[in-house]
1. Sequence-distant or interchain residues sharing an amide H contact under 5 Å with G101, placed H: which?
2. Per residue of the chain, what 222 nm ellipticity follows from adding -39500 (n - 2.57) for every DSSP H run with n ≥ 4, rounded to the nearest 500?
3. Hey, how many Å between the Cα centroid of the range 278-304 and the Cα centroid of the range 12-46?
4. Considering only L80, L11, L20, give the residue with the highest GNM mean-square fluctuation for the chain, with springs between Cα atoms whenever their separation is below 10 Å.
5. Of the lysine pairs in the range 11-219, how many meet both conditions: Cα atoms under 21 Å apart, and a spacing of 8 or more in sequence or different chains?
6. Using +1 at the Cβ of each Lys and Arg and -1 at the Cβ of each Asp and Glu in the range 21-112, identify which of Q51, A41, V82 lies farthest towards the dipole's positive end.
7. Positive end of the dipole of the range 77-214, charges at C-beta (+1 Lys, Arg; -1 Asp, Glu), about the Cα centre: which of S113, Q135, T148 has its Cα farthest in that direction?
8. Tell me, what is the percent relative contact order of the range 53-167, built from C-alpha pairs under 8 Å that lie six or more residues apart?
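Just so you know, all these numbers are worked out from the coordinates, no wet-lab data involved. Note that the structure is a prediction, hence the values are computed from the model and not measured. Neighbour counts are summed over all protein chains in view; Cβ atoms, including those assigned to glycine, are modelled from backbone coordinates with ideal geometry.
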Amino acid sequence: MTNLQERGYLLTEQVNSNSLNLDQISSLELVELFNTEDHNAVAAVAAAKNQIADAIDCTAERLRQGGRLFYVGAGTSGRLGVLDAAECPPTFCTPPELVQGIIAGGAGALVRSSEDLEDRAQDGEAAIAQRQITQLDVVVGITAGGTTPFVHGALNAARQRGAMTIFLACVPVEQVKFDADVDIRLLTGPEILAGSTRLKAGTATKLTLNILSTGVMVKLGKVYGNRMVDVAVTNQKLRDRALRILQDLTDLSREDAGLLLDRSANWVKLALLMHWTGLEKAAGEQLLLEHDGNLKAAIASHNHKKQ
């Protein structure tokens, strides 16, 4: 493992020559500088597109077999993982255990800095054991500088249990090597505020997690076209979204869409299947179950049987 006392050579710790006068420029110049530098975050994600695509395919396959997805990180990296995991149930109606975030220091570290806990590799190992990780699961280790012991400990423990591992870092392989099934490097370069990886590195990480989780859910049939057909209708905003999806994809009035949504127990995907096939709720649920929740496959199967 990299010498934790000597990390100045890491890309994420280097000094950005474009911001040497950061404390002297105007607020407008500061905003412009940030905006210019943030383009590097988008470019870094584009450069890692093949590895991210591999991560999507491998993760979807594991989850299809009954596995789970875990994000592991400390500080900003851990918070970003927890955030992405927390957004999956309302967006895709997934059970909370399907995608989970593990952060060094636990829930308290979400709102209060606990960066000292990232140096405890044994805590990362314990977190993997506590969640009973198996060979069906996927563990994504997120560490901007690539050296976080908590993340290394978790990934090594996950590998020993046969889980698929993904290493996500913002330093090149030659600076920090790690043996993972998928190795994603987001080379965003030195930060405007030297070493503050909540900036470009954090932005690139958030973009990547957005793509990973959404891509996996698309592969799992949680999306129809580009519509959120598995949205959890838990408040007025989400009910309105559900009704608009139904209206957009059918010729139903808002009132009729509401009645259909009620008949489907607020499940947009089932409502669409019922509308397009004429099936009742129980039969529609069974058909979706037979096709792993894939709406297009369920409709195709129903139409084939009618022929």
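1. Distant-sequence amide H within range of G101: Y71.
2. Details: 11 runs with 153 residues, N = 307.
Calculated from helices alone, the mean residue ellipticity at 222 nm is -16000 deg cm²/dmol.
3. If we compute the Cα centre of each part, the gap is 51 Å.
4. L20
5. Values: K49/K177; K49/K200; K49/K206; K49/K219; K206/K219.
Going through the range 11-219 pair by pair, I get 5.
6. V82
7. Projecting each Cα onto the dipole axis, the largest value belongs to S113.
8. Numbers: 222 pairs, mean separation 34.4, N = 115.
Computed value for the range 53-167: 30 percent relative contact order.
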